[in-house]
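Take a look at the structure below.
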Amino acid sequence: MWTTLWNLFIAFGKATMLGYGGGPSIIPLYQNEVVRMGWMTPEEFGNALAFGNALPGPIATKLAAYIGFKIAGWAGACVALAAVVMPTALLMVALVGVMLKLQNNPVIRGMIKGVQPVIFVMMAMLAYDFAKYAFKPSDGFISFLPFVLGAGYFIMVQYLNINAAWGIVASLVIGAIFFRG
């Protein structure tokens, strides 16, 4: 049990510390660690990600708590959450003064600009992997319904400025009606 908890802490702590750019950029690193350790399949991770995104709050902490709980119960959830929150919170407190002094440094600004394309690619890779599960082919009318849901959500949020939560609620209702089974 202690080995499992230690492995959870190392896996989530390492992924969190390497995930520059916040929660969404960390998700591919979490997926890599979780699948590599054999705790979940890519499809199980995709399902956890979909469910986690339907709930309020930061995705990184939700995924860590869920996966930690799945692997080692409440102790696993607590350890995984600590691994996500503790190192970055301590680092942020320790480095806040340095960051304020260096925020206009051209080298630091260059480093930030240099890492942004990598973050974009990591998120694109996650989206590609997730699309395999979100748009899985099936028979009949339902085979194109996920594309309609995705396009409708994009238009609703991006162009009509409707709160994203309404799209999530609508997709849950539509899923309950059309994707049973």
Here are some conditions: (1) in a helix (DSSP H, G or I); (2) crowded, with 17+ Cβ neighbours inside 10 Å; (3) in contact (Cβ under 8 Å) with a residue 24 or more places away in the chain. Residue 43 meets all but one. Which one does it not meet?
-> (2)
Breaking point among (1) modelled with pLDDT of 90 or more; (2) hydrophobic (A, V, I, L, M, F, W, C); (3) open to solvent by 30 Å² or more (accessible area, probe 1.4 Å), for residue 50 | (1)
Does residue 146 fit the bill of being at pLDDT below 80 and not acidic (Asp, Glu)?
-> no
If you take just the helices (runs of 4 or more DSSP H) that sit entirely in segment 64-181, which of them hold at least 3 residues that are under 18 Å from the mean Cα position of the chain (by Cα)?
-> 106-134, 164-178
Failed condition for residue 172, given (1) under 18 Å from residue 51 (Cβ atoms); (2) without any contact (Cβ under 8 Å) to a residue 60 or more places away in the chain = (2)
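To keep it simple, each residue is scored yes or no on (1) within 24 Å of residue 168 (Cβ to Cβ); (2) touching a residue at least 12 places away in the same chain (Cβ under 8 Å).
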position: 38; (1), (2): no, no
position: 55; (1), (2): yes, no
position: 84; (1), (2): yes, yes
position: 100; (1), (2): no, no
position: 114; (1), (2): no, no
With criteria (1) in contact with a Leu (Cβ under 6 Å, 6 or more places away or on another chain); (2) at pLDDT 85 or above, residue 108 comes up short on (2)
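The values are calculated or read from the model by the stated rules, or taken from the named source; none is laboratory data. Predicted, not measured: the structure shown is a model, and the values here were computed from it. Virtual Cβ from ideal backbone geometry, glycine too; neighbours counted across all protein chains shown. Only protein heavy atoms, including side chains, enter the accessible area calculation; ligands, DNA and RNA are left aside. Shrake-Rupley method; radii C 1.70, N 1.55, O 1.52, S 1.80 Å.
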